[in-house]
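What follows is a single structure, and I will ask about it in a moment.
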Amino acid sequence: MKYKSQKVAYAYFIVAMGLFAIQVLGGLLAGWIYVAPNTLSELLPFNIIRMIHTNALIVWLLLGFFGAAYYLVPEESEREIYSVKLAYLQLIILVVGTLGAVASYLVGIHGGREFLEQPLWVKFGILVAAVIFLVNISLTVLAGRRTAITNVLLTGLWLLSLLWIFAFINPSNLSLDKMYWWFIVHLWVEGTWELVMASILAFLMLKLTGIDREVIEKWLYVIVATALFSGILGTGHHFYWIGLPEYWQWVGSIFSTLEVIPFFAMMSFAFIMVWKGRRNHPNKAALLWSLGSATVAFFGAGVWGFLHTLHGVNYYTHGTQVTAAHGHLAFYGAYVALNLAMFTYAMPVLRGRSPYNQVLNMCSFWLMTGGMAFMTFVLTFAGTIQTHMQRVVGDYFMDVQDQLEIFYIMRFGAGAAVVLGALLFIYSQLVPQREIVEPGNDAVVPESGQA
Amino acid sequence: MSEILTKSRARNIFYGGSLFFIVVFVAMTIHSHRYVVEKSTAGMPLTDAVKLGKEVWERHSCINCHTLHGEGAYFAPEVGNVMTRWGVLDDPEGAFEILDAWMKAQPSGTPGRRQMPHFEINEEEMRGLADFLRWADQTDTQNWPPNDAG
Ligand code: HEM
Ligand code: HEM
Ligand SMILES: [Fe+2]
């Protein structure tokens, strides 16, 4: 660790991994209810479990981003974080908000807009935490060296926080409600979060491959330009059937097709940097996660996204298991794997050890990635059959679902592999194996000399 | 490419282009907002009962099992056209009665069948909920879903 205040990231990563465990266990339980529908049906119905599953996902990904920012900004700006106290205060607010939200879901108090079910006080807490974060990070960046990585990261984080305003806007007109809801959901994952993803990926490539900063930063601007040029109007792919004008069918189809470009570019970028790079960084697991993230993001978001994005296709697949298949692989590749790449890179440094336990970590990569890929395949099959029976033939929803049981059983199996992988990952990060004891001196950590 | 596209050019293209697309998007949003209010949802007034119904829908987080206009969870049937499926789209009283009976019969308890929870909903709220679902059903959704199965 070059700067003492980077240590803040450690606390963020720990909490994030805890919520990650809760998220996948919640998913597994939800998947089990598909197989054995009477499970917990009166005590803890499916909708509550699903809320915990999706909310835990979003919150831990955000915590990972915040932690990543606190880790990489000091190195980029070449100075300590403006206020370590504020950073911990922000974390405390977010933890209290998260625990409060889960507790209130369990007693049946929640909102009813998907992913935004948090009680109002929690939404305000998130807003306050975001403001603290932005102030803290911006003051750090403004006072130090300006780089493209921090520029893009900050632009992404500012814009995504601004979009949070729409969490408070809930028109009583359902179609308007839906339109503004997508301002958060779509413009996060297919806009602002891509900026965060690209800048973290650029940082990792810089550290892991030793490629010239100028080259990396130019790529970075090109990638994020294609992301926003396509992603903003690409929002139209959610505006086909919710009461909005017909022109969105063309605008949405064309621009969301172009959304494949940034994901393709990120994948190409990562591989080219690794091929051209001279540095042989010892943290092989971080490299595996970085390349894996860029690749799976291309398949999950790019390929599986394109699969159902044209309005002629979406007319039939809209709101089927095809959507669930895509949502899982896209989130996993782009944001879960990216966060895990950052954790894998930073944790050994934060804990003051050489990279350790690489084999377990890499096993967890293959377990999780294999599990998510298999889950995506079976849900895609289920969704294809569902689309045909329900949307083309016109069979009733519940009758169609009865025919899909085999796929849901396989999805549960895939989910079990993911849970195992996730627990293995957390174990490999936290439980010391062959610890290299150093005399409390940063200089011996391999990262320090480089950068 | 390296001479023509320098880092600072790439940065300017990013900021300038993004601003352009944001402006276009905001303009289209304003137009769409008007279109929703004046055209696509204008078939039935947005009464207090409909608003109450939407609150009830949200309070119980129905969206985390069902889809509504194709968005939500995929665990339970589409409800954006349920009033059409039940044949009560233009019959407020009938819509209330059939919905009320349905909700009171849950959970079915049938082994091996997905269960819908029991919700405490009073008569005024139930009428609102029925109106809300009829209101949603009359929205012009560009002919989606393809058939009554939803
Ligand atoms: C990492 C980036 C992405 C993530 C995390 C993501 C995630 C999701 C999720 C969770 C949903 C379901 C939302 C709901 O609950 O209704 C969804 C829907 C959708 N996504 Fe993505 N997505 C990404 C990128 C893309 C891209 C690049 C495309 C197009 C090429 C795309 C096309 C779609 C479409 C068309 C839908 C609507 C599906 C429907 O009609 O039911 N997505 N996405
Ligand atoms: C143990 C592994 C997992 C299992 C068994 C699982 C299962 C489920 C289930 C049953 C649902 C509800 C689908 C429905 O409404 O019918 C769901 C939704 C969702 N899960 Fe997972 N999940 C798992 C892991 C993950 C992971 C790792 C991610 C993130 C990468 C994720 C992201 C999501 C999202 C975004 C949704 C909402 C999808 C949408 O609205 O389209 N899940 N999951
Ligand atoms: Fe989208």
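Taken together, the values in this text are just the output of simple stated rules run on the coordinates, not laboratory data. The structure displayed is predicted, hence computed values, not measured ones. Using ideal geometry, Cβ is built from the backbone for each residue, glycine included, and neighbour counts are taken over all protein chains shown.
Determine the shielding of peptide A:32-41 by partner chains: average, over its residues, the number of Cβ atoms on other chains within 10 angstrom of each Cβ.
3
What is the mean number of Cβ atoms from other protein chains located within 10 Å of the Cβ atom of each residue in peptide B:77-85, rounded to a whole number? Write out the running numbers ahead of the final one.
On the way: counts 6, 4, 0, 5, 0, 0, 0, 0, 2.
Mean inter-chain Cβ contacts per residue within 10 Å come to 2.
What FRET efficiency do you get for A:L420 and B:A42 if R0 is 35 Å and r is their Cβ-Cβ distance, rounded to the nearest 0.05?
0.10
To the nearest 0.05, what FRET efficiency results for A:R351 and A:M398 with a Förster distance of 35 Å applied to their C-beta separation?
Taking R0 as 35 Å, the efficiency between A:R351 and A:M398 is 0.10.
While we're looking at this one, here's another question. Can you compute the modelled spin-label distance between A:V107 and B:E123, with each label point 7 Å from Cα toward Cβ, in nm?
Distance between the two pseudo-spin positions: 3.1 nm.
Report the charge-dipole magnitude of segment B:41-106 in Debye, nearest 20, computed about the Cα centre from +1 at each Lys and Arg Cβ and -1 at each Asp and Glu Cβ.
200 debye
Of B:G150, B:V50, B:V24, which is farthest towards the positive pole of chain B's charge dipole, taken about the Cα centre with +1 and -1 on the beta-carbons of Lys, Arg and Asp, Glu respectively?
Toward the positive end, the furthest listed residue is B:V24.
Applying 1/(1 + (r/R0)^6) with R0 = 22 Å to the Cβ-Cβ distance of A:I254 and B:N143, what FRET efficiency is obtained, to the nearest 0.05?
On the way: r = 21 Å, r/R0 = 0.95.
Result of the calculation: an efficiency of 0.60.
Give the residues of segment A:103-140 whose amide nitrogen is closer than 18 Å to a point set 7 Å from the Cα of A:S172 in the direction of its Cβ.
From segment A:103-140, the list is A:112-113.
Compute, for chain A, the length of the dipole vector about the Cα centre, with Cβ point charges of +1 (Lys, Arg) and -1 (Asp, Glu) only. Units Debye, rounded to 20.
So the magnitude is around 1100 debye.
Ranking request for peptides A:338-347, A:41-50: highest mean number of other beta-carbon atoms within 10 Å first, then the rest in descending order.
A:338-347, A:41-50
Summing +1 for each Lys or Arg and -1 for each Asp or Glu, what net charge is found among the other residues whose Cβ lies under 15 Å from the Cβ of B:K104?
Taking every other residue near B:K104 into account, the sum is -4.
Further, regarding this structure: Given the -39500 (n - 2.57) contribution per DSSP H run of 4+ residues, what per-residue ellipticity at 222 nm results for chain A, rounded to the nearest 500 deg cm²/dmol?
Result for chain A, helices only: -23500 deg cm²/dmol.
While we're on this one: Over segment A:195-278, calculate the relative contact order: mean separation of alpha carbon pairs under 8 Å at least 6 apart, over the residue count, as a percent.
36 percent
Once each part is reduced to its C-alpha centroid, what is the distance from segment A:138-180 to segment B:64-84 in angstrom?
30 Å
Express the relative contact order of chain A as a whole percentage, based on alpha carbon pairs under 8 Å and six or more residues apart in sequence.
Working: 652 pairs, mean separation 70.2, N = 451.
Computed value for chain A: 16 percent relative contact order.
With only Lys, Arg, Asp and Glu charged, each at its Cβ (+1 for the first two, -1 for the last two), find how big the charge dipole of chain B is about the Cα centre; round to the nearest 20 debye.
On the way: 14 positive and 20 negative charges, 209 e Å.
The dipole magnitude comes to about 1000 debye.
Among the listed pairs A:K7/A:K123; A:K178/B:K39; A:K4/A:K123; A:K7/A:K207, which are separated by more than 23 Å between their Cα atoms? Show your work: numbers first, answer last.
On the way: A:K7/A:K123 27 Å; A:K178/B:K39 16 Å; A:K4/A:K123 31 Å; A:K7/A:K207 18 Å.
Result: A:K7/A:K123; A:K4/A:K123 exceed 23 Å.
Also, I was wondering about something else. Sorted by mean Cβ packing within 10 Å, highest first, what order do the peptides A:59-71, A:267-279, A:117-129, A:285-297 take?
Taking the mean over residues of other Cβ atoms within 10 Å, the ranking is A:59-71, A:285-297, A:117-129, A:267-279.
Towards the positive end of the charge dipole of chain A, with charges on Cβ (+1 Lys, Arg; -1 Asp, Glu), say which of A:F374, A:G111, A:G191 has the farthest Cα.
Of A:F374, A:G111, A:G191, it is A:G191.
Using helices alone, I'd like the mean residue ellipticity at 222 nm for chain B: each DSSP H run of four-plus residues gives -39500 (n - 2.57), total over residue count, nearest 500.
Per the formula, -16000 deg cm²/dmol.
Evaluate the distance, in nm, between pseudo-label points positioned 7 Å from the Cα of A:F271 and of A:E78 along their respective Cα→Cβ axes.
3.6 nm
Give, as a single signed number, the net charge of other residues whose beta carbon lies under 14 Å from the beta carbon of B:N122, with Lys and Arg counted +1 and Asp and Glu -1.
Computed value for this residue: -3.
Between segment A:8-49 and segment A:279-343, what is the C-alpha centre distance in whole Å?
Spelled out, the Cα-based centre of one part sits 20 Å from the other.
Among B:R9, A:R411, B:R127, B:R59, rank each residue by its count of other Cβ atoms within 10 Å, from fewest to most, as a rough exposure measure.
Ranked by crowding around the Cβ, least crowded first: B:R9, B:R59, B:R127, A:R411.
Right, here's the next one. Defining a contact as two alpha carbons under 8 Å apart and six or more residues distant in sequence, what relative contact order in percent does segment B:51-150 show? Mind showing how you got there, number by number?
Numbers: 119 pairs, mean separation 37.4, N = 100.
Computed value for segment B:51-150: 37 percent relative contact order.
Enter the mean number of other protein chain beta carbons within 10 Å of the beta carbon of each residue in B:25-31, as an integer.
Average neighbour count from other chains, rounded to a whole number: 4.
Towards the positive end of the charge dipole of segment A:160-291, with charges on Cβ (+1 Lys, Arg; -1 Asp, Glu), say which of A:W219, A:Y247, A:G236 has the farthest Cα.
A:W219
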